[in-house]
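Novice: Can you read through this structure? Questions will come right after.
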Amino acid sequence: MKHDKLVRNKIVEIIEVGGKKCKYHVADDREYESRLRDKLFEEVQEFFHDPSEEEMADINEVLNAIMEHYGIDAYEMETARQAKRYGRGGFEDRIVLEEVAE
């Protein structure tokens, strides 16, 4: 069975312990960036199919990998998030902007 996708670090070991063989490679930086984007899209789709803590945890794990890859500090990111929330608000009011007139 062909998968061709980024997987968690221990997946190869889990497959082999289960008595199966697999083929894999380690992505270079350019491929890793592309695979992380694909993985985030995959996990978001899975969340909307099954909105659960487990699926949200998968999204968070991919986001953490993206932050690490790009050298984004979690504290600095959270500070920026809070500043945006304070200045522009969140999304809980469910406002849909339809048009802006001059």
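Every number in this text was worked out from the coordinates using simple rules, so none of it is lab data. Predicted model only: the values in this text are computed from it and were never measured. Here the Cβ is made from the backbone with ideal geometry for all residues, glycine too, and neighbour counts use every protein chain on show.
Novice: So which lysines can Lys23 reach, going by Cα to Cα under 17 Å and dropping same-chain residues fewer than 8 places off?
Specialist: Lys2, Lys5, Lys10
Novice: Oh, and also: Dipole magnitude of the chain about its Cα centre, charges +1 at Lys/Arg Cβ and -1 at Asp/Glu Cβ only, in debye to the nearest 20?
Specialist: 480
Novice: Among Ala83, Ala57, Ala65, which one shows the highest mean-square fluctuation when the chain is modelled as a Gaussian network with alpha-carbon springs under 10 Å?
Specialist: Ala83
Novice: Can I get the semi-axes of segment 23-85's equivalent ellipsoid? Compute them from the C-alpha gyration tensor as square roots of 5 times the eigenvalues, in angstrom, largest first.
Specialist: Square roots of five times the eigenvalues give 22, 19, 9 Å.
Novice: Exposed loop trypsin sites (Lys or Arg not before Pro) only (DSSP loop, at most 14 other Cβ atoms within 10 Å): please give the longest stretch of the chain free of them, not including the sites.
Specialist: No qualifying site falls inside 24-93, the longest such stretch.
Novice: Between Met56 and Gln82, what is the label-point separation in nm under the 7 Å Cα-to-beta-carbon projection?
Specialist: Calculated label separation equals 2.0 nm.
Novice: Springs between alpha-carbon pairs under 10 angstrom, Gaussian network model over the chain: which of Glu16, Glu31, Glu61 fluctuates most?
Specialist: Ranking Glu16, Glu31, Glu61 by mean-square fluctuation puts Glu16 first.
Novice: Once the dipole of segment 18-102 is set up with Lys and Arg at +1 and Asp and Glu at -1 on Cβ about the Cα centre, which of Tyr32, Ile72, Ala101 lies farthest towards its positive end?
Specialist: Checking the options against the dipole of segment 18-102, the answer is Tyr32.
Novice: While we're here: Could you work out [θ]222 nm for the chain from helices alone, using -39500 (n - 2.57) per DSSP H run of at least four and dividing by all its residues? Round to the nearest 500 deg cm²/dmol.
Specialist: -19500 deg cm²/dmol
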